[in-house]
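Working notes, structure below.
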Amino acid sequence: MKSSVKLIAFLSLLIMIQSCSDFKTNVDLIIYNASVYTVDSLNRTVECIAVKKGKIVAVGSDAEVRSRFEAKHYLDAHKSFIFPGFIDAHSHFTGFALNLRYADLAEAGSFREIIDIIKNYHKLNPESWIVGRGWDQNKWPGKQFPDNNKLNELFPDIPVVLTRVDGHAVLANNAAIRKAGLTEPYTSGEAILHDGKATGLFLEHCADKLKEAIPLPTAAEMTKLLVKATELCHAVGLTGVNDAGVDKKAILLIDSLQKAGKIKLRLDAMMNPTDENMNFFMPEGGYKTDFLRVGSVKLYADGALGSRGACLLQPYSDDPSNYGIIVTPENEIRTVCQNAKKYGFQVNTHAIGDSAIRMVLRIYCEFLKGKNDLRWRIEHAQVVNENDFDIFGKYSIIPSVQATHATSDMSWAEARLGNTRLKNAYAYHRLMDENGWIPNGTDFPVENISPLITYYAAVARKNLEGKPAMGFLPENALSRLDALKSVTIWAARASFQETKIGSIEKGKMADFVILDADILSIAEKNIPKVKVKYTIVNGEVVYNAANDIKK
Ligand SMILES: [Zn+2]
């Protein structure tokens, strides 16, 4: 009896020793010593995150998590602030990548500087056309339009196409003019002449022809551009983007690059409504991997407010004969909606003016019938008629907005719209109230890519100079927490990804951004100065401002 008690005691001790060494579960990464805003349903804050195989396995206090888990890598956050990886609900990621092949001429203070920049560009890209964008002669001494004499002298055989900042004027050398097939006589007003001879400066359709003549990148070049674009996203804390209008070819290339581990960015590809795209993706009900989703169609209802292309119910206040334009006929939108409903796709339609928005709301309502969870979206939703706000709520239509559009447009929006209509423009808070949530994005490269600037514009309604002092239509600012949700969990929800990404919770993908300041509490004016220290995708550090990961 006595000996059996001893034996049991001995065995229990053995089991205890055994279980102590087994007690900690192995994980890949533990991030500790942090203020983690989980953005879960209770908005909990924690100190520590454990990650295994790209997913979050635990969150909690440092003591709690570290007592249960043993990691291959530890990351001391040094009391920094961790948020779910930022998601841009409306960008043009592929277009942004394509733009990266252009030499940036925006900062050039003279035509001489332009020449230096493009000489350097040619050195780096000896095989390709010389393409640049962003020049503005108003920044140069004399403010004269340039001509192409110097370009012809330096580059007699290599085509040069340099687009002005507004995109409507192009300076080209003779080699490019030949390639584009432009011949005299030019359409009146589309070529700037000097003593009756073309100077190489072209406008509108002639400019478009030159831009269209630029060869598209090869798959290898496109790969480089997409990888570079991904790096730029990581550097500003983006771990996911919605790409508003992509084609099958680009989607398949991105898919292959994601699968090869070359692009660590989650992408929601809104496909263009071409027959090729729709026939390929729709009958299958879309396409889904951990990194890619194809489950929506992108449509355009009208143009933009700045160029008076947005379609309004009443004419432009600064152009009384102009209502703007509808760019996709109603019946075409209806046909796409029909197919989308049939195959379970979202419809995401660009609509900016109150007339275009009303048209799209009306068409959506025919299919949605009442409250639903199909999350059909209106992209931009900039000028909403007073009588149309409640349709967003009644039919669960999601306004997908870009907070920096408000602060970029504020200097001229009133001229276009007049005071009364302006009150219902960029009405993000009011739109959010309709469904209780709102996704936010940038429309980059139209606006700055940074989600922190989007966040700042959403909460402050001010530009980067801090103007206007009281904010632009400040009643439509979002609270800091709502603005944070708009670039994380609500942006995820806008493309049905909220169970995978958008918050820091057990079971979700390990996508985080680590910032050097608490954007929920610092002084408003300091928000644009906040730095991204790390961006982490799938548990992997993809951007590291300072290298202090411990082995
Ligand atoms: Zn867009």
Q. What number of residues within segment 296-315 satisfy the criterion of being among the small types (G, A, S) and in contact with a strand residue (DSSP E or B) (Cβ under 6 Å, 6 or more places away or on another chain)?
A. 3
**Q.** Selection within segment 55-74 - over 9 Å from I30 (Cα atoms) and in contact (Cβ under 8 Å) with a residue 60 or more places away in the chain
**A.** K55, I56, V57, A58, V59
Q) Out of all the residues in segment 316-330, is one or more of a type in the set (F, W, Y), in contact with a strand residue (DSSP E or B) (Cβ under 9 Å, 6 or more places away or on another chain), away from the ligand (no atom under 16 Å from the Cβ) and not in a strand (DSSP E or B)? A) yes
Q) Residues of segment 85-134 being more than 16 Å from the ligand (Cβ to nearest atom), aromatic (F, W, Y) and in contact (Cβ under 8 Å) with a residue 24 or more places away in the chain, which ones? A) F86, Y102, F111, W129
Q.
If I filter segment 226-247 for residues that are more than 15 Å from the chain's Cα centre (by Cα), surrounded by 18 or more Cβ atoms within 10 Å (Cβ to Cβ) and at pLDDT 95 or above, do I get at least one hit?
A. no
Q: Output yes when any residue across segment 486-501 is more than 18 Å from the chain's Cα centre (by Cα) and away from the ligand (no atom under 16 Å from the Cβ), and no when none is.
A: yes
Q: Could you run through segment 390-403 and say how many residues are of a type in the set (A, V, I, L, M, F, W, C), more than 12 Å from A425 (Cβ to Cβ) and within 16 Å of the ligand (Cβ to nearest atom)?
A: 2
(Q) Please return the ranges of strands (runs of 3 or more DSSP E) entirely within segment 187-254 where 3 or more residues are within 16 Å of the ligand (Cβ to nearest atom). (A) 238-246
Q: Quick one: D208 ticks every box in (1) modelled with pLDDT under 90; (2) over 30 Å from the mean Cα position of the chain (by Cα) except a single one, so which number is it?
A: (2)
Q: Among the residues of segment 422-432, count how many are within 16 Å of the ligand (Cβ to nearest atom) and either among the acidic types (D, E) or surrounded by fewer than 23 Cβ atoms within 10 Å (Cβ to Cβ) (or both).
A: 0
Q: Scan (1) crowded, with 18+ Cβ neighbours inside 10 Å; (2) assigned to a loop (DSSP other than H, G, I, E, B); (3) not aromatic (F, W, Y) for the single condition S128 breaks and write down its number.
A: (1)
Q | Selected residue (criterion: farthest from the ligand (Cβ to nearest atom)) from residues of segment 433-447 that are part of a loop (DSSP other than H, G, I, E, B) and within 23 Å of F389 (Cα to Cα) | A | G436
Q.
With the structure loaded, tell me whether K209 is among the charged types (D, E, K, R), under 26 Å from I115 (Cα atoms) and outside the structural domain of D275 (by TED's automatic domain parsing) or whether it fails that test.
A. yes
Q) Within segment 378-389, is even one residue without any contact (Cβ under 8 Å) to a residue 12 or more places away in the chain and more than 16 Å from the ligand (Cβ to nearest atom)? A) yes
Q) When H73 is evaluated against the numbered criteria (1) of a type outside the set (A, V, I, L, M); (2) part of a strand (DSSP E or B); (3) within 16 Å of the ligand (Cβ to nearest atom), which criterion, by number, is the only one it fails? A) (3)
Q. When A406 is evaluated against the numbered criteria (1) surrounded by fewer than 20 Cβ atoms within 10 Å (Cβ to Cβ); (2) touching a residue at least 60 places away in the same chain (Cβ under 8 Å); (3) within 16 Å of the ligand (Cβ to nearest atom); (4) not β-branched (V, I, T), which criterion, by number, is the only one it fails?
A. (1)
Q. What about I82, is it touching a residue at least 40 places away in the same chain (Cβ under 8 Å) and either polar (S, T, N, Q) or within 16 Å of the ligand (Cβ to nearest atom) (or both)?
A. no
Q: Taking P273 as the residue in question, decide whether it is in contact (Cβ under 8 Å) with a residue 24 or more places away in the chain, over 24 Å from V537 (Cβ atoms) and surrounded by fewer than 23 Cβ atoms within 10 Å (Cβ to Cβ).
A: yes
(Q) Suppose we filter segment 1-51 for residues that are part of a loop (DSSP other than H, G, I, E, B) and either modelled with pLDDT under 95 or more than 20 Å from V65 (Cβ to Cβ) (or both); how many remain? (A) 4
Q: Could you check, for segment 136-149, whether at least one of its residues is out of contact with any Gly (no Cβ under 6 Å at 6 or more places or on another chain) and on the phi > 0 side of the Ramachandran plot?
A: yes
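The values are calculated or read from the model by the stated rules, or taken from the named source; none is laboratory data. Predicted, not measured: the structure shown is a model, and the values here were computed from it. Cβ atoms come from the backbone with ideal geometry, glycine included; neighbour counts cover every protein chain shown.
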